[in-house]
1. Which one of these is more than 26 Å from the chain's Cα centre (by Cα), buried (at least 16 other Cβ atoms within 10 Å of the Cβ) and in a helix (DSSP H, G or I): 395, 357?
2. When the range 414-431 is examined, which residues are found to be assigned to a loop (DSSP other than H, G, I, E, B) and within 28 Å of residue 190 (Cβ to Cβ)?
3. Taking the range 242-282 as the region of interest, how many residues are surrounded by 13 or more Cβ atoms within 10 Å (Cβ to Cβ) and more than 30 Å from residue 197 (Cβ to Cβ)?
4. Is there a residue in the range 118-132 that is surrounded by fewer than 24 Cβ atoms within 10 Å (Cβ to Cβ), under 19 Å from residue 185 (Cβ atoms) and assigned by TED's automatic domain parsing to the domain that holds residue 426?
5. Going by the conditions given, is residue 330 assigned to a helix (DSSP H, G or I) and free of Cβ contacts under 8 Å to residues at least 24 places away in the same chain?
6. Being more than 14 Å from residue 207 (Cα to Cα) and in contact with a helix residue (DSSP H, G or I) (Cβ under 7 Å, 6 or more places away or on another chain) is the filter; apply it to the range 238-257 and report the residue that is modelled with the lowest pLDDT.
7. Looking for something buried (at least 19 other Cβ atoms within 10 Å of the Cβ) and under 30 Å from residue 290 (Cα atoms) - is there at least one such residue anywhere in the range 361-377?
């Protein structure tokens with residue numbers, strides 16, 4: 001046999017093996033399509049395992065971003081059974097980003113993400129478990145949504161594909177991800193489609209639950225999604241079922257009851273944190289500290305720059321970020337970058353070809369509804385002064401939905417008698433799966449057993465090492481942090497537990513000898529340390545402080 005013949009034989013065998021594997025997967029998928037509960041269980045298990053693997057891939061880093069600290073404060077508060085914490089008598093020493101010190105000590109953010117983290121604390125003592133669980137439930141919600149929009153055969157593939165893609169993202173190893181908001185968006189989309197097709201109380205309640213999750217996680221972006229969906233639902237449901245008023249009332253009443261209960265709970269939470277039922281914690285924080293406008297059409301706020309050097313640097317950065325959108329050129333450039341970032345976040349760039357079928361897919365009215373909702377959401381995001389991929393979390397279901405709607409049209413592709421669509425779909429799904437598994441496997445192999453953490457998390461690891469060292473010794477500690485002139489304001493070392501007075505280690509800002517003496521008197525039973533932090537000039541230097549000679 002010639003070399004050419006042998007190569008041809010090997011290729012033929014490999015192709016036959018691939019074809020048999022594809023056919024087996026298709027049969028399994030077809031069988032699972034008739035068993036939705038089994039499919040949901042598979043999605044949850046796969047997503048949970050992938051989330052844990054994603055965390056392992058980056059070495060389970062410490063919280064790094066200011067926002068994470070704020071969410072963790074909320075989680076600790078809820079896990080302790082409180083809505084908020086009383087203002088601390090020494091609150092001025094504990095000032096930190098995105099955290100209210102008065103009228104109460106609380107996170108500025110809506111409570112849904114913190115509640116997810118609190119679930120992890122209650123169940124396993126670790127907030128990261130809440131991140132993983134919310135990710136798995138989010139993927140199950142995406143599956144439920146896709147069943148209504150693209151059918152059961154595509155739903156399982158879509159949910160698993162999304163889990164594979166996002167398992168290597170910060171949504172599974174940091175505390176400020178978008179799983180909760182993405183779940184809310186999926187419930188709104190899945191419930192809306194079902195309510196229009198056949199109004200049922202269960203679907204209306206789930207749709208309302210999704211809106212509640214959005215209102216308590218990403219309220220602005222959630223509103224952008226919910227408004228066009230609400231218009232569609234009201235237009236079609238009222239028009240189609242106007243003669244079935246009893247049925248409509250039976251559907252609307254449970255949804256309205258849930259919305260009312262959620263509204264009362266939100267007002268109660270606002271009142272507990274800010275003292276006013278209609279005053280959101282986020283707005284209270286903006287009133288106290290905010291300088292840069294949240295949206296491009298807003299004017300600069302009148303809040304003066306802080307006397308605190310670190311806070312002032314942050315405010316100046318905030319202003320510069322907002323100003324970058326104030327010119328037409330800056331607005332266009334910034335939003336092009338945002339779009340690139342978002343597309344690369346949700347999709348493998350080399351597998352975007354199915355979107356070539358989008359003009360064909362848009363012939364279907366539901367596809368047009370999805371595209372319009374996505375367009376409205378992205379337009380609203382373009383008007384925001386700040387952006388991270390989790391801001392687009394409510395639209396997660398729309399991204400994966402439109403992709404698989406296009407892929408379903410690609411499946412119909414035929415060249416003569418050749419079923420080209422089948423091979424296109426097999427190539428896309430196989431390529432997606434292999435590339436995302438490789439993306440997870442490579443970092444895990446590189447960091448296994450080494451304790452390596454990403455460079456951007458290195459400073460947070462150093463802070464955690466200091467706290468672990470102090471905790472390993474008997475007694476309680478007070479760490480007074482003094483930042484050097486070159487310190488990066490993004491690296492905030494002062495972050496405290498929800499119950500500051502009972503914490504093993506309390507972190508405080510240096511406010512000068514006289515003020516520090518007052519702090520040390522309050523924490524009279526603690527050993528006091530002065531920690532000098534100056535990132536660019538050599539890291540940290542810690543020394544014990546003699547209470548009798550605080551100036552030395």
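1. Numbers: 395 fails: more than 26 Å from the chain's Cα centre (by Cα).
Result: 357 is the single residue among 395, 357 that is more than 26 Å from the chain's Cα centre (by Cα), buried (at least 16 other Cβ atoms within 10 Å of the Cβ) and in a helix (DSSP H, G or I).
2. The initial filter retains those residues of the range 414-431 that are assigned to a loop (DSSP other than H, G, I, E, B), namely 414, 416-417, 419.
Passing the criteria: none in range.
3. Residues flagged as surrounded by 13 or more Cβ atoms within 10 Å (Cβ to Cβ) and more than 30 Å from residue 197 (Cβ to Cβ) within the range 242-282 amount to 15.
4. No: the range 118-132 contains no residue that is surrounded by fewer than 24 Cβ atoms within 10 Å (Cβ to Cβ), under 19 Å from residue 185 (Cβ atoms) and assigned by TED's automatic domain parsing to the domain that holds residue 426.
5. Working: assigned to a helix (DSSP H, G or I): yes; free of Cβ contacts under 8 Å to residues at least 24 places away in the same chain: yes.
So residue 330 fits the description; yes.
6. Taking the range 238-257 and keeping what is more than 14 Å from residue 207 (Cα to Cα), we get 238-250.
Okay, now just the ones that are also in contact with a helix residue (DSSP H, G or I) (Cβ under 7 Å, 6 or more places away or on another chain), so 241, 247-248, 250.
Numbers: 241: 65, 247: 70, 248: 75, 250: 77.
By that ranking, first place goes to 241.
7. yes
The values are calculated or read from the model by the stated rules, or taken from the named source; none is laboratory data. Worth saying up front: this structure is predicted, and the values here are computed from it rather than measured. A quick note on method: Cβ atoms are made from the backbone with ideal geometry, for glycine too, and the neighbour counts reach across all protein chains shown.
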